1. In a shell of Cβ-Cβ distance under 15 Å around PRO15, excluding PRO15 itself, what net charge do Lys and Arg (+1) and Asp and Glu (-1) give?
2. Taking the mean number of other Cβ atoms within 10 Å as a proxy for protection, how do you rank 132-142, 100-110 from highest to lowest?
3. Sorting SER7, SER17, SER124 on the 10 Å Cβ count, fewest up front, what's the list?
4. Pull up the DSSP beta bridges for the chain and report the antiparallel fraction as a percent, rounded to 5.
5. What list of ³J(HN,Hα) couplings, whole Hz, do you get for segment 95-106 from phi and the Karplus terms 6.51, -1.76, 1.60, once you set θ to phi - 60° and write x for glycine and proline?
6. From the gyration tensor of the Cα coordinates in segment 125-229, what semi-axes in whole Å does the equivalent ellipsoid have, largest first, with each one equal to sqrt(5λ)?
7. Once label points are set 7 Å from the Cα along Cα→Cβ at both ASP149 and LEU31, what is their separation, rounded to one decimal in nm?
8. Given the options ASP51, ASP123, ASP226, which has the most mean-square fluctuation in a GNM of the chain, springs set between C-alpha atoms less than 10 angstrom apart?
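Any read-out appearing in this document is the output of simple, stated calculations on the displayed coordinates, not a laboratory observation. Everything quoted here is computed from the prediction, not taken from an experiment. Here the Cβ positions follow ideal geometry from the backbone for every residue, glycine too, while neighbour counts run over all protein chains shown.
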Amino acid sequence: MLIAHVSDTHIDNGPRSVERTERVVDYLLGLPRPVDVVLLTGDLADNGRADEYERFRELFGRLAVPLLHLPGNHDRREHFVAAGLGPLNRAETVGEAQFALLDSSIPGQSEGFIEDSALAWLDSALDGDRPSFVCFHHPPVALGHFHADKVRQFGEERLEAVIRRHPNVVAVLCGHFHTPTVTTFAGVPLVIAPGVASTLILPWEDPDGDLDYDAPPGIALHNLVDGRLITTFRSMEGNRSFSHG
Ligand SMILES: [Fe+2]
Ligand SMILES: [Fe+2]
């Protein structure tokens, strides 16, 4: 099972965010072996406006595969749901895998938190032995970046306790960090997708750096093979051709 993990498109209806997102959609459309599902881990719109979600839906509507959405700190719940991208906090099954999609946003805030009621729902959704992905926007651990760590997800010990109760959790998948990143959380892989809109500058590149707007957009591709996850990353450097030799 092949999962495209796309994050932080920050559609603002300007040409830049639309063109970068189009590059991702074109890449996915050009794959001779299409992905089975596209997971979008938040900050889909830059300002959470209804017209931004309309454009987002047009862009991704070209793909004939299931699309799974969850909101980030730049999204606005009411417009996100009104655009048909909700409901919030729900489980979807695609093939042999289950995706638990959680809202880690706090209205008006950049950092994240998952409500107790959503965690109680997650605990029951993960019952059984179906391979499951726990998905939300805000990484629940410090990642060694002075700015980004201030706006991570907090209260993560409650989430960790839930995940540790369910050995069928394959991985935790998030966005928000705008750079491809792999670590662990609650004993499972935590994989953060690259940002489509921009790329985080790392402390060893520039201690005062914030975001690089010139680096190409990227995505993660998760291949679930016999219950084991193989994650690869691709950046959209330009037009790609998949023909042989
Ligand atoms: Fe973002
Ligand atoms: Fe974010």
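1. Details: positive: ARG16, ARG20, ARG23, ARG55; negative: ASP12, GLU19, GLU22, ASP46, ASP51, GLU52, GLU58.
Result for the neighbourhood of PRO15: -3.
2. Numbers: 132-142: 23.8, 100-110: 20.0.
Answer by packing, highest mean first, reads 132-142, 100-110.
3. Numbers: SER7 30, SER17 24, SER124 10.
Ranking SER7, SER17, SER124 by Cβ neighbours within 10 Å, fewest first, gives SER124, SER17, SER7.
4. Working: 25 of 47 bridges.
Just about 55 percent of them are antiparallel.
5. x, 8, 10, 10, 10, 8, 9, 10, 8, 9, 8, 10
6. Values: eigenvalues 147, 54, 18 Å².
They are 27, 16, 10 Å, listed from largest to smallest.
7. 3.4 nm
8. Answer for the Gaussian network model of the chain: ASP226.
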